Amino acid sequence: MFKSSNPILTRMENNVPEGMLESVPMTVNGTIGKAFALILIAAIAGAAVFYEALMGYTDKVILIMGIAFIAGLITGLVTSFVPKLAKFLAPVYAFCEGALLTGVSLMLETKFPGIAVQAISGTMLCFAVMLILYRTGAIRATEKFRATIFSAILTIMILYLISFVGSFFNFQIPFITGSGPMSILFSGIVVLIAAFSLILDFDFIEQGQTHMLPKDFEWYGAFGLMVTLVWLYIEILNLLAKLRDN
């Protein structure tokens, strides 16, 4: 049918049973509206965590981050495997990620003042640039493009998994955990891959409208886009931290 490099949206194309199409199908505008709603929810959660930090409740912020991490991971996995629950769980996921990312950003702010604003601005800029490139046709989601991005994402996931497991055995991959030139280059490449993934997400949402997927799948498309934006923000934050650490 059609493909996406975003594993969340890839599951979407494989989980549409026959007969699910309805009189009011999924639309691009509807999906974008729901994506902005998720971003607003994340912003509200972030504001709440920021207020707690401003009041000096550091312990509470750390607790919230722990809960948000676990809840976000669970809701993210469940939503990816059960698309019909997206309209219920996507807002929960957005709230958790907003709280978690704000907590992480505040921790980095103590060492690198202004890094959060830079990361937010960078994420917004990447989103705008990728949207313009997609709408103007400067970059097209061809089969070769999809295969390249998907392979890159898979490679990054494997490297991160090796690094995570290795951390329990005092083993580190220098170009992932360090802040040297190779590490900065690696993070820059990952940021580019995350940004280019947006192209495929835009294409998939547009194709979803063309193929008249069910209306409820707007939430699933918005959820997939949110996952990519969260990943992009984290990678930009990581890259900025490495640059500022030199």
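Checking the stretch 184-191 against the condition returns no match, with no residue being in a helix (DSSP H, G or I), more than 23 Å from residue 75 (Cα to Cα) and at pLDDT below 90. Of the residues making up the stretch 213-233, those that are more than 8 Å from the chain's Cα centre (by Cα) and not acidic (Asp, Glu) are 213, 214, 215, 217, 219, 220, 221, 222, 223. When residue 130 is tested against the conditions (1) under 28 Å from residue 241 (Cβ atoms); (2) over 15 Å from the mean Cα position of the chain (by Cα), the lone failure is (2). Entry remark, the stretch 166-183: residues being closer than 17 Å to residue 155 by Cα and either in a helix (DSSP H, G or I) or under 23 Å from the mean Cα position of the chain (by Cα) (or both) number 7 in total.
Between 145, 202, 171, the distinction of being loosely packed, with under 14 Cβ neighbours inside 10 Å, over 20 Å from residue 240 (Cβ atoms), of a type in the set (Phe, Trp, Tyr) and modelled with pLDDT under 95 belongs to 171 only. There is at least one residue in the stretch 112-124 that is part of a helix (DSSP H, G or I) and within 23 Å of residue 220 (Cα to Cα). Of the listed requirements (1) crowded, with 18+ Cβ neighbours inside 10 Å; (2) within 30 Å of residue 29 (Cβ to Cβ), residue 176 misses just one: (2). Taking into account only those residues within the stretch 47-95 that are of a type in the set (Phe, Trp, Tyr) and assigned to a helix (DSSP H, G or I), which is nearest to residue 109 (Cα to Cα)? Applying the filter and picking the extreme gives 50.
The values are calculated or read from the model by the stated rules, or taken from the named source; none is laboratory data. Just so you know, these numbers come straight off a predicted model, no measurement behind them. Quick reminder, even Gly has a Cβ in these numbers, built from the backbone with ideal geometry, and neighbours come from all protein chains shown.
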